[in-house]
Amino acid sequence: MLTTDRVGGVALALIGLFVLFESRKLPLGTLQNPGPAAMPVVLAVLLLGFGAALVALGAGAARLAAVGWSEWRHAVAIFGVCAFAALALERLGYRVTMVAALAFLVGGVERRGVVFTLVFALALALGTFFVFDTVLRVPLPRGPLRF
């Protein structure tokens, strides 16, 4: 029987297998000195295991045919924002890209008020930039204006 859990489990397992396949190009390293493939391999094995568990235990979930697609517009909007972010991140910088993406999702898709949308988008974009760039020292794209 094709259920939502089983389809999701197969998708997760396939992603795990793909990551394992791609990770073979990087050195795995050892436990004392892990290489760049160590963490992706660990996460892929976990993903593969959880996907297999979903397939095995997913008989009680809703049938796939019973799933409604009433939220398809939200899914398309989220996918579009992800594509925009991937293309704009280097060109516009992290802060500008995240403010634009969050403002569209919160204000345009979720239909929140203008003040809430701006405060939320600015706080989250600037807050995450501060945490990652300043505190954790992870360099994030700054864009052409160095902002």
### Task
State the Kirkwood hydrodynamic radius of the chain in Å, one decimal place, computed from all pairs of distinct Cα atoms.
18.6 Å
### Query
If we sort 119-127, 76-84 on the protection proxy, mean other Cβ atoms within 10 Å, highest first, what's the order?
119-127, 76-84
### Per residue, in Å², the accessible surface of the stretch 1-111 once ligands and nucleic acids are set aside, probe 1.4 Å
68 Å²
### Task
With label points built 7 Å along Cα→Cβ from the Cα atoms of Ala59 and Phe18, find their separation and express it in nm.
3.0 nm
### For Thr3, residues with placed amide H under 5 Å, excluding near neighbours
Leu64
### Query
Across 5 Å bins from 0, what is the distribution of all Cα-Cα pair distances for the stretch 98-147, in whole percents?
5, 22, 23, 20, 14, 12, 4
### Query
Rounded to a whole number, what % of the accessible area of the chain do carbon and sulfur atoms account for, probe 1.4 Å?
75 percent
### By average C-beta atoms within 10 angstrom, highest first, the peptides 34-42, 90-98
90-98, 34-42
### Message
I want to check the label-to-label distance for Val10 and Met39. Put each point 7 Å from Cα in the C-beta direction and report it in nm to one decimal.
### Response
3.2 nm
### Summary
Amide H contacts under 5 Å for Gly29, restricted to residues at least 5 apart in sequence or on another chain and with H modeled in the peptide plane, are Gly35
### Task
Determine how many Å³ per residue the convex hull of the Cα atoms of the stretch 56-123 encloses.
145 Å³
### Query
Label points 7 Å out from Cα along the Cβ direction at Arg112 and Phe79: separation in nm?
2.5 nm
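The values are calculated or read from the model by the stated rules, or taken from the named source; none is laboratory data. Because the structure is predicted, anything quoted here is derived from the model rather than measured. Cβ atoms come from the backbone with ideal geometry, glycine included; neighbour counts cover every protein chain shown. Protein only, heavy atoms only, side chains kept; ligands, DNA and RNA dropped before computing areas. Shrake-Rupley method; radii C 1.70, N 1.55, O 1.52, S 1.80 Å.
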